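Student: Please find one structure pasted underneath; my questions will follow.
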Amino acid sequence: MRSTEDTYRHQGLRKKLVQDIHKKGITDERVLDALLAVPRHFFLDSAFDEMAYEDRAFPIGEGQTISQPYTVAYQTELLQVQPFMKVLEIGTGSGYQAVILAELGAYVYTIERQKKLFDELKKFEFLKKYPTIKIFHGDGYEGLPAYAPYDRILITAAAPFVPPRLVEQLKTGGMLVLPLGKGQVQQMRRITKLENGALREEVFDHFSFVPMVEGKKS
Ligand code: SAH
């Protein structure tokens, strides 16, 4: 069961969480405002109602997690989303990150490989508030060529290598943010496609994501 009520208590806990994330180094006001606007407890079972506002990841079923709020803020800040940009997200999971991107004014295309999670997302009433989010059941390694090219691509699972299809689907001047690494710990990267077709790669902090797995699961 999900909660559908956003009480003053939830709002207070959320404000505190966003202040903590600010203290941890996230300074983009638009990102912080988006976190403040979205009731994270709606994305979890009501058993986690208050814990939803602790800065940690939580289980969402099928061995998957909703990312830690700090991590969501970190990736979103690196992505530099502007209103009306076309953004492709790999790993919809709970849908929380997709909603944060939509709050920033993006048109969001998001892919989840697990059919069970995809079916959950389709039933999730709150997402109907966001007609700018389109959810697909598929393999993120393939991307979504039908709607390419994208201004931004965000991978929210640990990628063992930079998926070539995704680089192809990026606009010139576009950015791809991903946690890159084969082991337990990955390093955040931002790849920018330059005018001459070359890629600029920037390296950031270490994180621990669930793996990006090839092929879609029925
Ligand atoms: N962005 C999510 C975080 C989900 S965790 C959120 O806000 O809740 C990562 C998700 O990536 C999992 O749901 C997992 O099933 C999915 N995933 C892993 N490999 C994938 C792939 N190749 N294509 C699409 N989704 C994938």
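Student: Looking at the stretch 15-36, is at least one residue out of contact with any helix residue (DSSP H, G or I) (no Cβ under 9 Å at 6 or more places or on another chain) and either part of a loop (DSSP other than H, G, I, E, B) or hydrophobic (A, V, I, L, M, F, W, C) (or both)?
Tutor: Checking the stretch 15-36: not a single residue is out of contact with any helix residue (DSSP H, G or I) (no Cβ under 9 Å at 6 or more places or on another chain) and either part of a loop (DSSP other than H, G, I, E, B) or hydrophobic (A, V, I, L, M, F, W, C) (or both).
Student: Could you list, in sequence order, all residues of the stretch 149-159 that are under 13 Å from residue 90 (Cβ atoms) and either open to solvent by less than 10 Å² (accessible area, probe 1.4 Å) or in a loop (DSSP other than H, G, I, E, B) (or both)?
Tutor: Taking the stretch 149-159 first, the residues under 13 Å from residue 90 (Cβ atoms) are 150, 152-159.
Hits for the stretch 149-159 are 150, 153, 154, 155, 156, 157, 158, 159.
Student: If you don't mind, there's one more thing I want to ask. Residue check: is residue 205 open to solvent by 20 Å² or more (accessible area, probe 1.4 Å) and in a helix (DSSP H, G or I)? Spell out the reasoning first.
Tutor: Details: open to solvent by 20 Å² or more (accessible area, probe 1.4 Å): yes; in a helix (DSSP H, G or I): no.
Criteria not met by residue 205.
Student: Okay, moving on. Check off (1) modelled with pLDDT under 95; (2) near the ligand (Cβ under 10 Å from one of its atoms) for residue 183 and give me the number that stays unchecked.
Tutor: Result: residue 183 fails condition (2) only.
Student: Just checking, how many residues over the stretch 163-180 are within 16 Å of the ligand (Cβ to nearest atom) and assigned to a strand (DSSP E or B)?
Tutor: Of the residues in that region, 5 qualify.
Student: Any residue in the stretch 192-218 that's away from the ligand (no atom under 16 Å from the Cβ): show its pairings with residues that are open to solvent by 80 Å² or more (accessible area, probe 1.4 Å) and among the hydroxyl-bearing types (Ser, Thr, Tyr) at Cβ separation under 8 Å, as long as the two are six or more apart or on different chains.
Tutor: Going by the 8 Å Cβ cut-off, the qualifying pairs are 193/172; 194/172; 195/172; 197/172.
Student: Scan the stretch 6-14 and tell me whether some residue there is more than 28 Å from residue 119 (Cα to Cα) and in contact with a helix residue (DSSP H, G or I) (Cβ under 7 Å, 6 or more places away or on another chain).
Tutor: In the first step, residues of the stretch 6-14 are kept if they are more than 28 Å from residue 119 (Cα to Cα); the result is 8-9, 11-13.
Those left that are additionally in contact with a helix residue (DSSP H, G or I) (Cβ under 7 Å, 6 or more places away or on another chain): 13.
Looking through the stretch 6-14, at least one residue is more than 28 Å from residue 119 (Cα to Cα) and in contact with a helix residue (DSSP H, G or I) (Cβ under 7 Å, 6 or more places away or on another chain).
Student: Okay, moving on. Looking at (1) open to solvent by less than 30 Å² (accessible area, probe 1.4 Å); (2) among the acidic types (Asp, Glu); (3) at pLDDT below 95, which is the only condition residue 49 fails?
Tutor: Single failed check for residue 49: (1).
Student: Among helices (runs of 4 or more DSSP H) lying entirely in the stretch 43-131, which contain 3 or more residues that are over 16 Å from the mean Cα position of the chain (by Cα) and more than 8 Å from the ligand (Cβ to nearest atom)? Spell out the reasoning first.
Tutor: On the way: elements: 69-79, 96-103, 115-123.
The qualifying helices (runs of 4 or more DSSP H) are 115-123.
Student: Read through the list (1) in contact with a Pro (Cβ under 9 Å, 6 or more places away or on another chain); (2) farther than 25 Å from residue 138 by Cβ, then give the number of the only condition that residue 171 fails.
Tutor: Checking residue 171 against (1) in contact with a Pro (Cβ under 9 Å, 6 or more places away or on another chain); (2) farther than 25 Å from residue 138 by Cβ, the one that fails is (2).
The values are calculated or read from the model by the stated rules, or taken from the named source; none is laboratory data. The model shown is predicted, which means the values in this text are computed figures rather than measured ones. Quick reminder, even Gly has a Cβ in these numbers, built from the backbone with ideal geometry, and neighbours come from all protein chains shown. Surface areas here come from the heavy atoms of the whole protein model, side chains and all, with no ligands, DNA or RNA. Shrake-Rupley method; radii C 1.70, N 1.55, O 1.52, S 1.80 Å.
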